[in-house]
Each structure stands twice: as structure tokens, then as C-alpha cells.
Amino acid sequence: VKRIHPAPIIAIWIFLSSSVILFNAWILGDDEGDLNFRYPIFLTTTHLVYASIGTRLMRRFTHLCDGVDSVEMSWHRWYTNIVPIGALFSASLIFSNIAYLTLNVSFIQMLKAFTSVAVLGMSVMMGLEQFNKRTATTVVAISAGVAIASYGELNFVFGGFVAQCLGILFEATRLVNLTLTDVVHSAIQKLLQGLRMDPLTSLYYYAPVCAVLNALLIPVFEGWAPFEQVLDRVGPVTLFLNCNCALLLNISVVFLIGCASSLVLTLSGVLKDILLVTGSVVLFGSTVTFVQMFGYAIALTGLFVFKTPPEVMAAYVAHLKAIVGGR
């Protein structure tokens, strides 16, 4: 993976990541042209079942899931690590998809910028991180940016806002329960007990747990309606393509981490968010106000500084000064 140039991998990752989000919004949305399939738990469960099957086929027929062989999994580790974190992951996915029922993609992406602040806050409370002047400044910038973007949202729906905030809260809690060793959510992770997993290995273990937990919730919150409507409103081909996009996204992350530096990953994430907001406006006709763009620009700047190591940022600033000074 190290020998692959990062440019095509980054392009593929941005395309797949954006496709999954826009695809889900199109399936769950009720605007004209959307599929109006209003069952986020069912859709999430379908993705997880497909991922469970896909990762097991990859382990059997490819080398992409060879990391499973190096994991010393026991029943104790499974129910003390995999199940709780899987439950948090499941809740994060469900609430994030529920937000698509009422909020537009562009606003959701703006709210997601707050995830890093939530992770840092929990990490500080649990004694995993130190709060310093640099992090305080970036936290204020991100928080202020998200607040301004929220204030400027024309189609603000409180229920959707709460759902997305809960999704961020559960995601932050899940990430804090892992010792992060990279700058993206799906980066190589290490459980608190020292269990290392790459993204596909994590998916191999977490997807079945999440799928079962989600499946138990479908009859309670969505009933049998999604089973009756999925073929008519979505169709097997569309559902298959949607699940494939989600699985391919996880595969692309493995290659992305292997060929790109932390700075490149951060810049790629910022570019992806900008393209998603733009895509939401172009494809779904979402309205983005100047106030929102101003707030989001502040949040993205803070997010970039927050995710970039200080020494890398210092070198980057020095390089820019040299370029400006040379002119």
C-alpha cells in the first residue's frame, strides 16, 4: 500500500465517502425525486448485515482481512470490548441516519465538525488528554463556527438537530473508548486493553454485533413496514449498490491510511466536507446562507488546526512564510 501514490486513493475515498452520504440522503429523503424510504434503522441494519457477510468473504478469499488472524479474541474480550463499543457505534449510525429525515446534507456536515470537540471534551474529562491553550483556541473556533452555521440554517428542525447531536455524542463516546492512533474515525485503533485492529478487522467484529442490536430495534420503532416497502420504494439493485458503496468505503480507508500522511488525511477530510456541502446544494437544492458558510469556514479552519500536529503546522506556516517572503 505504501508504494501507491495517494492522489488516486484520496480521490476514490472522497468519491465513496460522499456517495454513501448522498446515497443515504436520497433513499431516506422525502423531497421531490427522493425515494421516501423513511426507515433509517432498517437501512443501517442492511448495511451492517452486508458488511458482516462481506468481511467474512474477504477473509476467506482475499488478504484484506488478514488482520483478524493476529487478533487474540476471547469471549471475555468480546463481551467487554466488542459489544459495548458496537452498541455505541450502532447508536451513532442510527441517530446520524435519523437526522437525514429532517435536515439537509450540508447542515449535517457542518454539525459533524463538532465531533472532534466532543471527543476532546470527553477525553479531558476521562484524563486521556491535556487541555492547553492551543486546544482551547481550536475548540472555541470550532464551537463558534458550528454555532454560527446553526444560527444561519433556514430549514432548522429541532428534532433532526437533536438526533444529529446524539449521533455525535455516541460517536465521541465510542472513540474515547478507543486509544486513537490516527486522525480519522476509521483509522487504525487500539482498544484500551491493547487490542489492535485495522478498519476492516474492526468491521469484521463490530458489524455483526451492531446488526443484531439494530435488528432488535426494527420491530419496535419501525415495525414491518420497511420489509413491505423496501422492494417497491428502493428496489434490490439500488439497495445492493448502496450497501456496496458503504463496504467499498471501508476498504478504501485501509489503503488511504497506508499511503497518506496525517496532514494529507486532514486536508482530504476538509476537501471532502466542502465538496459534500457543494454537492448537497447542486444535487438536492439545499439552501446555504452566507452566515452558514462564514461559520463553517471558521469551524473548518479550527478543525484543520486541531487535527494537524503542532510540529507539522509550524513547518507548514514556516513554508508559507518563506514563499510569501520570496516574493
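The values are calculated or read from the model by the stated rules, or taken from the named source; none is laboratory data. Quick caveat: nothing in here was measured; it's all calculated off a predicted structure. Please note: Cβ atoms are built from the backbone with ideal geometry, for glycine as well, and neighbour counts cover all protein chains shown.
Condition first: under 14 Å from Tyr100 (Cβ atoms), among the hydroxyl-bearing types (Ser, Thr, Tyr) and in contact with a Pro (Cβ under 8 Å, 6 or more places away or on another chain). Now tell me which residues in the stretch 19-69 satisfy that. Steps first, please.
In the first step, residues of the stretch 19-69 are kept if they are under 14 Å from Tyr100 (Cβ atoms); the result is 20-31, 34-44, 47.
Still in the running and among the hydroxyl-bearing types (Ser, Thr, Tyr): 39, 44.
Correct list: Tyr39 only.
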Does any residue of the stretch 57-79 turn out to be over 25 Å from Leu275 (Cα atoms), in contact (Cβ under 8 Å) with a residue 24 or more places away in the chain and surrounded by 23 or more Cβ atoms within 10 Å (Cβ to Cβ)?
-> no
Residue that is farthest from the chain's Cα centre (by Cα) [pool: residues in the stretch 128-150 that are in a helix (DSSP H, G or I) and over 11 Å from Tyr296 (Cα atoms)] = Lys133
Residue set Thr137, Thr115; condition of a type outside the set (A, V, I, L, M, F, W, C), within 30 Å of Phe42 (Cα to Cα) and either modelled with pLDDT of 80 or more or buried (at least 22 other Cβ atoms within 10 Å of the Cβ) (or both); output residue Thr115
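Table: residues versus (1) more than 19 Å from the chain's Cα centre (by Cα); (2) among the aliphatic types (A, V, I, L, M).
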residue	(1), (2)
Asn104	no, no
Ile108	no, yes
Glu153	yes, no
Val157	yes, yes
Only one of (1) within 23 Å of Ser143 (Cβ to Cβ); (2) not charged (D, E, K, R); (3) not in a loop (DSSP other than H, G, I, E, B) does not apply to Thr278, and that is (1)
Consider Leu35 carefully, then state whether it is under 22 Å from Gly279 (Cβ atoms) and more than 19 Å from the chain's Cα centre (by Cα).
-> yes
Being under 16 Å from the mean Cα position of the chain (by Cα) and among the hydrophobic types (A, V, I, L, M, F, W, C), is that true of even one residue in the stretch 205-213?
-> yes
